[in-house]
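Presented below is the structure to which this report refers.
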Amino acid sequence: MSDLPKNAQCVLKILESTDSLTTKEILEIAMTDKFAKICIDCAGGDTFVAAADQLVEMGLITKKFGKGGYRWQLVKD
Amino acid sequence: MALKPRQVINAMNEYYEQYPACGGRSIHKFGEEASNAYIEAREKFAKFLNAADESECIWTRNATESLNIVATSVKLPKDSKIVTTSLEHHSGSLPFIERARRDGLGIEIVKARSDGTFDIEDWKRTIDHDTSLVSIVHSSNVTGTITPMKEIAEIAHDHGALVMSDDAQYAPHHPLDVQDLNVDFSAISVHKMCGPTGMGVLYGKLEHLKSMNMFFYGGDTVSDVRFENGKILPEYLPPPEKFEAGLQNYAGAIGAGAAAEYLLTIGMHEIEKYERSLLEMVLERFRDMEHVHILGTDDINIKTGLVTFTVDTISSAHDVATFLNDEYNVMVRSGWHCVGPFHYQMGIDPKRGTARASFYLYNNRFDVDTFLSGMETLIEASK
C-alpha cells in the first residue's frame, strides 16, 4: 500500500472502515483532520477522484453508478 | 487543455530534429537557426495580440508565472490599493493578495453577480485615486462570462491605475487586441490555445516593462558583467531579455508561435462565431433539462465557448465527469476549477463542485450531441 500515491492511500484508508461511500462522502472524510495529513488535493477533488479511479483499475476498489451518483467500495478478499 | 494541431507538433519536432540548439548565444548553424526561429515565434505572438512591439511579449512558463511577475515586480505606490474580483482564478488573485500583504497595500474585491457578470457601477465605486492596479479576468474559466475590459481599463486609467488582464481563457477563443483594449499587462496560457504545455506569455506595455524590477536574474539578461575593484557590476538588457533569464524553452516558444499563426490563419472571429454556434446548441438543450443548473450567464454574446453546471440528482460534479468519461468518452472538467471564492460566493460546496464542458474549433455538432446524450442518460440513471 505504501507504494501507492498519497491520494490513493487515503481513499483506501477511508474505505477500510466502511461499507460503501459516495464521492462527496469520501471527499468530506478526506478533509477531516484524521486524513488531511495523508492525502493532497482533496479541496478541488478532481485529482483525488482520479486516484480512486486508478484503484478501480487495479481491482482494489469498485464503483457503481446509481441513484445520487457513484458509490465506492473496498474489494474484500 | 486544447488539442495540438499538426502544425504545432511539426514546428516543435523540426526544432528538435533539425536545429536543436540554444538561441541567442551560439554562433554555429544550429544556434543561428534556433535564434531566428525564436525571434520569429515572438513576432508571430506579438501579431496575435496586436502588440505594438514584439519586445512587449515575454515568454513565461504559464499565465500564472506571467501574473506573478507583474504582482511581484511592478512598482506600486506605498499606501495604494489593488482591486481584484471574486471571479478570479487563484492565479489571478493570490499573487496580488500576497503582494498587498508583502508591502502593506490595500486590497479590495469587486464581487461578481451570480451570473458571472459585473455591475459597472461597482467598478466606478471601487476604483478611486488610491487604486494603483486592477487585476481582472477577461473571460472567466468558470462562468465563461466576458468582462467589459475596455470600459474597466478606461475607469482605471482615469484614476491613474494600471490594468492587469488575465487572458488565459479569453485569448484562445476571441480576437485579442491589447492596444485597442489599452490594458497595461496581459497574461496568456499557451496550452489552452493549441500550443505546448509549460508555455505562457506576459504582455506588457514597453514603458512598464522597462521600469519594472526583474523577476529572475542570471545568464542572458545582461549586456555586460564587469569585475572592478573587487565588485561584480552587471548591466542588464532591456525587455524582453531582462525577463528571460537562463536557458529558455526554445521548442515551446516555437510551438507557441506556430499555435498563434495557426489560429490567426483560421481567424479568431471565425473561431469565436463557430464556438458560439456549438454553445448555443448546448444551452438550448440544457434549458429543457430540469435537473441541470447552469453557473453563469446563458447569453452567448458575452460568453466564451464553455458551460459550467451542476446536476441536482448527483451529489458530486466529479460523478458527472466520471460517468461521461467512462460511458461516453466525453472529457469534462470537475471540481472548483481553481476558483474557490466564486464557488463559496454561490454557496456551492467545493466538495460537490461544478462540471465544465468546453468547446473549441475542433469540436463539432456530433461531439455536442454525444455530450448531451450522455447528460440525458446520466440524469435518468441517477434519479
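The values are calculated or read from the model by the stated rules, or taken from the named source; none is laboratory data. If you're wondering where the values come from, they're calculated on a predicted model, not measured in any experiment. Every residue, glycine among them, receives a Cβ derived from its backbone with ideal geometry; neighbour counts consider all protein chains shown. Ligands, DNA and RNA are stripped out before the accessible areas are found, and what is left, the full protein with its side chains, is counted by its heavy atoms. Shrake-Rupley method; radii C 1.70, N 1.55, O 1.52, S 1.80 Å.
Per-structure values
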{"quantity": "Chain A - percent relative contact order, Cα under 8 Å, separation 6 or more", "calculated": "36"}
{"quantity": "Calculated from backbone phi, Karplus (6.51, -1.76, 1.60) coupling profile of segment B:186-193 in Hz, x at Gly/Pro", "calculated": "9, 10, 10, 10, 6, 5, 7, 10"}
{"quantity": "Residue-count net charge about B:Phe216 - beta-carbon cut-off 14 Å; Lys, Arg +1, Asp, Glu -1", "calculated": "-2"}
{"quantity": "Å² per residue, accessible surface of segment B:255-369 at 1.4 Å", "calculated": "41"}
{"quantity": "By average C-beta atoms within 10 angstrom, highest first, the peptides B:263-270, B:82-89", "calculated": "B:82-89, B:263-270"}
{"quantity": "Mean separation of Cα contacts under 8 Å, 6 or more apart, over the residue count of chain B: relative contact order %", "calculated": "19"}
{"quantity": "Within the accessible area of the protein assembly as shown (1.4 Å probe), percent carbon and sulfur", "calculated": "50"}
{"quantity": "Prolate/oblate/rounded label for segment B:21-112 (Cα gyration tensor, a/c 1.5)", "calculated": "prolate"}
{"quantity": "Under Karplus coefficients 6.51, -1.76 and 1.60, residue-wise ³J(HN,Hα) of segment B:229-243 in Hz, glycine/proline x", "calculated": "6, x, 10, 8, 10, x, 10, 8, 6, x, x, x, 4, 5, 9"}
{"quantity": "For segment B:125-191 versus segment B:202-239, the gap between their alpha-carbon centres in whole angstrom", "calculated": "28"}
{"quantity": "Cα gyration tensor shape for chain B, rounded if a/c is under 1.5, else prolate or oblate", "calculated": "oblate"}
{"quantity": "For chain A, alpha-carbon Rg over 2.2 N^0.38 Å", "calculated": "0.98"}
{"quantity": "Built amide H within the under 5 Å cut-off of B:Leu162, gap 5+", "calculated": "B:Leu133, B:Val134"}
{"quantity": "Per-residue mean of C-beta atoms belonging to partner chains within 10 Å, peptide B:335-343", "calculated": "2"}
{"quantity": "Volume per residue of the C-alpha convex hull in the protein assembly as shown, rounded to whole Å³", "calculated": "178"}
{"quantity": "Accessible surface buried upon B-A contact (total; probe 1.4 Å; Å², nearest 100)", "calculated": "1600"}
{"quantity": "Nearest-0.05 FRET efficiency for B:Thr377 and B:Asp119, computed from C-beta distance (R0 41 Å)", "calculated": "0.55"}
{"quantity": "Computed [θ] at 222 nm, deg cm²/dmol, the protein assembly as shown (DSSP H ≥ 4; -39,500 (n - 2.57); rounded to nearest 500)", "calculated": "-13000 deg cm²/dmol"}
{"quantity": "Amide proton proximity set for B:Leu295, modelled H, under 5 Å, gap of 5+", "calculated": "B:Thr308, B:Phe309, B:Thr310"}
{"quantity": "Per-residue average of Cβ from other chains inside 10 Å of B:310-317", "calculated": "5"}
{"quantity": "Above-threshold pairs, the threshold being 21 Å between Cα atoms, out of B:Lys111/B:Lys150; B:Lys81/B:Lys192; B:Lys273/B:Lys303", "calculated": "B:Lys81/B:Lys192"}
{"quantity": "A:Tyr70 long-range amide H proximity, modeled H, under 5 Å", "calculated": "A:Thr23"}
